[in-house]
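Taking it in order: structure first as C-alpha cells, then the write-up.
Bear in mind that the values in this text are calculations on the coordinates, not laboratory data. Being a predicted model, the structure only gives us computed values, none of them experimental. Every residue, glycine among them, receives a Cβ derived from its backbone with ideal geometry; neighbour counts consider all protein chains shown.
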Amino acid sequence: MGENNLRRAIRATLEEQFENLEILSINIRDDVDRDGEPILNVKVVFDGKHRSLDARKTASFLRLMRNRLEEQGDERNYLFPMVSFISKADLGNKNPEAA
C-alpha cells in the first residue's frame with residue numbers, strides 16, 4: 001500500500017471514529033522504537049482542543065486503524081502504530097505537515 005492510500009485509510013478511520021474532528025494533516029513515517037523494533041509513526045493534526053477528543057475513542061482508534069490496514073493488505077501491518085493527536089493551537093506557527 002502506497003503512502004497516499006495509507007493516509008486515505010487512516011483518514012477514513014478517523015472520520016468514522018471522530019464525527020466532528022477537523023483533520024488538517026496526517027503525517028506518517030516508518031520509524032524504530034527505543035528497542036530498535038519497527039513502528040509506524042502517525043501524527044494527526046486537527047483543528048480544535050484536546051478536550052474535544054474522547055479518550056475512549058482515541059484508545060480504540062489504534063485497533064480500528066490496524067484492522068483497516070490489515071483488511072486492505074498493507075505491508076506495514078506488522079508495524080506497531082504510534083499515534084499522536086496534535087491540535088493546531090499546539091503547533092503555533094508551524095505548518096501542519098511539518099508536525
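Using the number of other C-beta atoms within 10 angstrom as an exposure proxy, rank Asp74, Asp31 with the fewest first.
Working: Asp74 18, Asp31 12.
Listing Asp74, Asp31 from fewest to most nearby Cβ atoms yields Asp31, Asp74.
In what sequence do Arg11, Arg29, Arg51, Arg66 fall when counting other Cβ within 10 Å, fewest first?
Numbers: Arg11 14, Arg29 10, Arg51 7, Arg66 17.
The most exposed by this proxy come first: Arg51, Arg29, Arg11, Arg66.
Give me the one-decimal Kirkwood hydrodynamic radius in Å for region 22-68, with the sum taken over alpha-carbon pairs. Write out the running numbers ahead of the final one.
Details: mean 1/r = 0.0806 Å⁻¹.
The answer is 12.4 Å.
On a 0 to 90° scale, report how tilted helix 3-17 is relative to the longest principal axis of the chain, with both axes built from alpha carbons and the result rounded to the nearest 10.
The answer is roughly 60 degrees.
Which one of Arg68, Arg56, Arg34 has the biggest mean-square fluctuation once the chain is modelled by GNM with Cα springs under 10 Å?
It is Arg34.
Let's test the formula: R0 of 30 Å, r as the Cβ-Cβ distance of Glu15 and Asp35. What FRET efficiency results, to the nearest 0.05?
Approximately 0.35, to the nearest 0.05.
Would you mind checking the radius of gyration and Dmax of the chain based on alpha-carbon positions, in Å?
According to the Cα coordinates of the chain, Rg and Dmax are 13.2, 37 Å.
Can you tell me what share of the DSSP beta bridges in the chain is antiparallel? A percent to the nearest 5 is fine. Walk me through the intermediate numbers first.
Values: 10 of 18 bridges.
The antiparallel fraction comes to roughly 55 percent.
Per 0.36 nm of contour for each residue apart, how much would the distance between Gln72 and Lys49 grow if the chain were fully extended, relative to their Cα-Cα spacing?
Once the chain is fully extended between Gln72 and Lys49, it gains 5.1 nm.
Under the rule of at least 5 residues apart or a separate chain, name every residue whose amide H is placed under 5 Å from the amide H of Ile86.
So Ile86 has HN proximity to Val44, Val45, Phe46.
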